[in-house]
Structure formats: structure tokens, C-alpha cells
Amino acid sequence: MAFNPVREALLSGKFCHMVELVASRNTREARLLQSASDLANIPEIAGGSVTSYAGGAMGHEPIRVGTAVRARGLTPNIHLTCVNQDRLAIHDLLQDLAAIGIENVFALTGDYPKADGSPPLFDLDSVQLVEMINQVRQRAGVPFFISVAVSPFKYTEADCAYQYLKLEKKIAAGADYAITQLGFDARKFRELKRYLDERGLKTPVLGNVYVLSPRAAEKMSKGEPPGCWVAPELLAKIQEEAQAADKGVAARLERAARMVAILRGLGYAGAYLGGEGNAENLRWIIRRGEELAPNWEEYAEELNYAPPNGFYFYDTPPPPANPLPLFSRFLDTMARLFPVKRQDNRLRRFLAAILGWIDRHPAAAFALEKMELAFKAPVFGCKACGNCVLGEMEYVCPMTCPKSMRNGPCGGTLNGRCEVVDQPCIWVSVYDRAKSANRIDDLKIFIPPPNRALQGTSSFITLFLKRDGRPGNTEPVVTIKGASLSAKPVDDRQSDEHLVKTEKSDR
Ligand code: SF4
């Protein structure tokens, strides 16, 4: 296996640093690459994380930027999002990454695109993406090193608990390490660490240290971009600091260094530095963070920007569960009386025979699909995806999520509200009902991506004839006929002379 400074740093157990390189359209590429060259000279920095689709807008092509970053001596970590690309397109990207010997990928759902137009495509969610990368890694022997996101900075019970559940799913799917969303609350950093430790999960975590400028603080105080939030008290402090002769630069670098110290003290694997492109400032933060580490607890007391009455996983007494809705109880009873979902019993075989007959008669199959939709559309908001997972999602349809996620909420929720449309996040209902029914642990099940070819077909047929994407389905996320993806090990600090032999998928 080739030397990968990011993997080596994380496996060594030594506190490390990664710097976010925002490859947005607003960033001049020459400046970004100059920054990469400068960062490559700072030994404490293990890699540069090259964004894609940051803030919901198309940026520079991340693989091209990543290649150029590597040519300047900095190991890239490429952000791979599910926005507007199907699983085959993502698989092609993985092939391209393997071909150029880039191993580090940051698997993200991605921000909802800002531009108006036809609804964007979210073919996979981030858990399914991790699963797919892991499958490619195992099948083709490409040593992808997978990072995933988690936000401890959620202040309602459902948002918070689901972030942690989803992180567990990502780890089970093959994530190698996690990177937190940005936030300014040491109790939340501590909470995440404790959550993982209590479960014996050794997955390294990089804590996000964002160097907060007044402009960014103002945007984030309004919840922009989704998932980023700055408390009014912190905004006021930053604005006050900006009155100084240096416009608040020294104060914000010091705050960032103290955050690095806190992460060191809490036992994080490292810091993910964002919001600052100046290599000298970053070097200063890193060294100062190390110097301040012995006093980390004092700084942790100060870093307490949170909403009043915010939820803390270990400290807030969880509110009692609501009674399970009557309709959910009825459906649970039916599922108990007719246990056909996963069991291979006589009733299931009988129904499978009937549905097999219907399937062979297109008019009958069409009529069944229409009848199914006539009931499920008004009741569940069904969109006839043909891969029904209502039973795994507490009778909440995943297609009512603007990103069609099947494995938990994205990181964009704010106090239980959706980042895209003005409605409660559907995953709050999923969590609340699971809590009422005492089956929160069942939410950790991996739900594979739907088979899109089944759109508009009856999910009864696809269920009984075992064609759909549902838990327990062992089909690979992408099946590539005759593919021989292989990557010759390359040194990350070399330029691009390597190669791959790949037969493209039949799309
Ligand atoms: S999961 Fe698919 S089949 Fe089930 S209700 Fe939602 S859209 Fe309809």
C-alpha cells in the first residue's frame, strides 16, 4: 500500500491537522494552489480537504484541483457528494480517483443546490455512498480512506440523537474517520467523544476549528450555510473584536488555537481547520494550540456558545415519549399478525405466488400499482418508488424528504426543521415514533439505495418477488460487469504517472 500521510497520521495516534481548501467559484484557483504549496511546508498538516458543491453551488472540479494540490506536495482529501450525480457517475469518479492514485475521500450527502430549476438528483445518501466506496475498496483493492461528517451541534433530542445514530451507520458501512461540522460549544465536542467511547468505537474524529470572521459569523447566525450556526452572543463578540486595529484577526486566531487545545485535551485525533487560507496564520494556530493544550479545560469552560435550553445527550433529561400514533399502532399490529416482510413462511409463499401471477399480467400489475398509489399517496405522500421501506422508517416515506434520504437526516437541520423547505424534518417523526415504540436501535439498520428501475411499479410485487432495495438485500450498490478497477500504489507526493486499467460500466 502506498504511503498516505492522512492514513499514517490518523493511525499513528498523534494529534494531526487537516485544512479545508474551499474550491468554490469565488476562490481564485491560483490562490488556492498557492495556499496548498505553503501548507505543504507545515509538517503538522497531514492533508488538504478539497470541497465540492460547498454551500450548494458548483465550484471548481474537485478532482482536478485535488491533483494540482497533490502536485504541490499536499495530500488531498476529495469531497465526494451525492448532489446531481447517480451512483454510476459516482462510481466513474471513484475510478478516476483510483486512476490518479488519490485515496482520501470525504463522503457527503452534499448541500441542496441553491439554483432554481428542476429538482436535484440525490440518488444515494451519505451512508449508501460510504457503503459503495467500501464495496469498491474491497472488490477492486483500491485503498480508499473514507472520512464522513457528523454534527454534534444539534440542540433538539431527535436531531442530536439521529446524528450519532447515523455516524454509527457510517462507521458500520466502512468509514475510517469522522470530521465534525463546525460549532463553538465544547460540551458538544465532549459529548460526541463520550458517545463513541461508551460504545467502544475507536474511529478517529477530527474536530472542526473554524476561524470565524465577522462576515461568516453574520451569515452563520442566520443558519447559512445549512448546518452551520453561530449564537447571537458569539456574533456580538466577534463584531466587538472587529473594532480593534487589526480588525479582530488576533482574537479569532487565538480562539481557534484554544479550540485546538480543547480538542487535544478531549482526546480528538486532530483538528480540521477551516475559514483561514493564510498558511502563516494556520501555522501559528497549530503551534499555539499545542502550547495552550495543558490549560484546555479552562478554555473549554469559555467555549460555550449554545442556544438556551439546548439538548445535551447526557445532561438533558429526555422528554417522555409521545404515545405512538393510532395508525402506526394499527400498522404494527398488522405486521405482527401477517409476518411476511422478512420471513419465508407459508403465507409469504402464497402471496408471492399470487403477486408473481399479477406480475406476469401487465394490466393486472398496472391496476395493482394504481390501487396502491391511490391509498399510499394521500396517507404517506407516496411517490411510487417501487422500493417501499415504510416498515423500516416508522411509516414515514423517505421520498417526502427533499433529498430522498433513507438512512437518517442530513446535517442541515436546524432545531428539527428541514434545510430545504419550511417543514419539520421527516426524521424527527421517524425518531419520535421509534422512541415511542421503544425501537430506536432498529434505526441503525442499513437501508440500501432504491432500485430506480422500479419507479412506478407496485411495491407489493417488488417486495414479494425480492427485487427492491431493502434491508437485507445483499446486492452491491453498483454492479459493474467485467470491471477491473485497479490502482498501482503511488506516492501521494508524486505527480501523476500511474495507472489503471478499467473497463467502463455499461450505463
Ligand atoms: S417508500 Fe416508496 S413505495 Fe413506500 S411510500 Fe414512499 S414512495 Fe411509496
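The values are calculated or read from the model by the stated rules, or taken from the named source; none is laboratory data. What you see is a predicted model, and the numbers here were worked out from it, not measured in a lab. Because the Cβ atoms are built from the backbone with ideal geometry, glycine has one as well, and the counts that use them run over all protein chains shown. All accessible areas refer to the heavy atoms of the entire protein, side chains included, with ligands and DNA or RNA removed. Shrake-Rupley method; radii C 1.70, N 1.55, O 1.52, S 1.80 Å.
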Which ones in the range 317-334 are part of a loop (DSSP other than H, G, I, E, B) and open to solvent by 40 Å² or more (accessible area, probe 1.4 Å)? Pro317, Pro318, Pro319, Pro320, Ala321, Asn322, Pro323, Pro325
For the range 376-398, which positions are within 18 Å of Lys466 (Cα to Cα), open to solvent by less than 30 Å² (accessible area, probe 1.4 Å) and either more than 9 Å from the ligand (Cβ to nearest atom) or part of a helix (DSSP H, G or I) (or both)? Leu390, Glu392
Assuming Gln343 fulfils every condition listed in (1) polar (S, T, N, Q); (2) without any contact (Cβ under 8 Å) to a residue 24 or more places away in the chain; (3) part of a helix (DSSP H, G or I) apart from one, which condition is it? (3)
Would it be correct to say that Cys401 is open to solvent by less than 30 Å² (accessible area, probe 1.4 Å), within 13 Å of the ligand (Cβ to nearest atom) and either at negative phi or modelled with pLDDT under 95 (or both)? yes
Do we have any residue at all in the range 411-429 that's open to solvent by 20 Å² or more (accessible area, probe 1.4 Å), hydroxyl-bearing (Ser, Thr, Tyr), within 16 Å of the ligand (Cβ to nearest atom) and assigned to a loop (DSSP other than H, G, I, E, B)? no
Tell me which residues, restricted to the range 109-152, are part of a helix (DSSP H, G or I), of a type in the set (A, V, I, L, M), over 24 Å from Ala9 (Cβ atoms) and under 13 Å from the mean Cα position of the chain (by Cα). Val127
Considering residues that are among the aliphatic types (A, V, I, L, M) and in a helix (DSSP H, G or I), the number found within the range 188-204 is 2
Residue tally, condition closer than 14 Å to Ala236 by Cα and open to solvent by 90 Å² or more (accessible area, probe 1.4 Å), over the range 305-316: 0
Among (1) in a loop (DSSP other than H, G, I, E, B); (2) open to solvent by 20 Å² or more (accessible area, probe 1.4 Å), there is one condition Lys370 misses while meeting the rest; what is its number? (1)
